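A quick write-up on the structure given underneath.
What follows draws every value from the coordinates through simple rules; no lab data is involved. Since this is a predicted model, take the numbers as computed values, not measurements. Here the Cβ positions follow ideal geometry from the backbone for every residue, glycine too, while neighbour counts run over all protein chains shown.
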Amino acid sequence: MQVLIVDSSIQIIERLEEIISELENITAIHRAVSYQEAKKLYNENNHDAVVLDIDSLRNESFELLKEIRKTNDKTFVIILSSSINIFLEKECISLGAYFFFDKYYEFEKICGAINAIGC
């Protein structure tokens, strides 16, 4: 399984890489710190899952989520956010995200979500 991590924080990306790389079915992990880089990587690779920080330039994150859905509706998108509210979560789910986690308090759920998608 190929995973794309999109976050503006290198520390968050590195921690996510650490925990995701421990999963058995991971074949590649790509990282992006900007919308342009994420879009380019997503278009170049066949990612099974995308972990997307929705707080990074919020409008661009929503655009990336929409583009992922247009390109491949089977890509599993996991949203991370530091500002948890029901309206933001509902909007992300309506745009095609499968999971929505608090960036700081639900980090440990990401591996379970990736395993649950069964790619």
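Give me the number: length gained by fully extending residue 91 to residue 23, i.e. 0.36 nm times residue separation minus the C-alpha to C-alpha distance, one decimal in nm.
On the way: separation 68, 0.36 × 68 = 24.48 nm, distance 2.91 nm.
Contour length minus Cα-Cα distance gives 21.6 nm.
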Under the 7 Å Cα-to-Cβ spin-label approximation, residue 10 and residue 116 lie apart by a distance in nanometres of 3.3
From the phi angles alone, apply the Karplus equation (6.51, -1.76, 1.60; θ = phi - 60°) to region 29-45 and give each ³J(HN,Hα) in whole Hz, x where the residue is Gly or Pro. 10, 10, 10, 9, 10, 9, 4, 4, 5, 5, 4, 4, 4, 4, 6, 7, 10
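Please get the size of the charge dipole for the chain, origin at its Cα centre, with Cβ charges of +1 on Lys and Arg and -1 on Asp and Glu, quoted in debye to the nearest 20.
Numbers: 12 positive and 20 negative charges, 81 e Å.
The calculation lands at about 380 debye.
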Return the long-range amide H neighbours of residue 51 (sequence gap of 5 or more, or a different chain), with a cut-off of under 5 Å between placed amide H atoms. 4, 5, 6, 78
Taking θ as phi - 60°, what are the ³J(HN,Hα) couplings along region 100-109 by the Karplus curve (6.51, -1.76, 1.60), each to the nearest whole Hz, with x for Gly and Pro? 9, 10, 5, 4, 9, 10, 10, 3, 5, 7
Between exposed chymotrypsin sites (Phe, Trp or Tyr not before Pro) in the chain, where DSSP calls loop and at most 14 other Cβ atoms lie within 10 Å, what's the longest gap? 1-103
Under 8 Å for C-alpha pairs, at least 6 residues apart: give me the relative contact order for the chain, rounded to a whole percent. 24
Kirkwood Rh, Cα Rg: Rg to Rh for region 2-106? 0.92
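Enumerate by residue number the GluC sites (Glu not before Pro) in region 46-119 meeting two conditions: DSSP loop (anything except H, G, I, E, B), and at most 12 other Cβ atoms within 10 Å of the site's Cβ.
Numbers: sites: 60, 63, 67, 89, 91, 106, 108; in loops: 106, 108.
Sparse-neighbourhood loop GluC sites (Glu not before Pro): 108.
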Neighbour cut-off at most 11 other Cβ (10 Å), DSSP loop, GluC sites (Glu not before Pro), region 1-37: 22, 24
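Count of lysine pairs in the chain with Cα atoms under 16 Å apart, counting only pairs 8 or more residues apart in sequence or on different chains? It would help to have the intermediate numbers written out before the result.
Working: 39/66; 39/70; 40/66; 40/70; 66/74; 66/90.
Lysine pair count for the chain: 6.
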Compute the Cα gyration tensor for region 45-85, then decide on rounded, prolate or oblate, letting a ≥ b ≥ c be the square roots of its eigenvalues: rounded whenever a/c is under 1.5, prolate when a/b is larger than b/c in the other cases, and oblate in all that remain. prolate
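Between residue 69 and residue 46, how high is the FRET efficiency from 1/(1 + (r/R0)^6) when r is the Cβ-Cβ distance and R₀ = 22 Å? Nearest 0.05.
Approximately 0.90, to the nearest 0.05.
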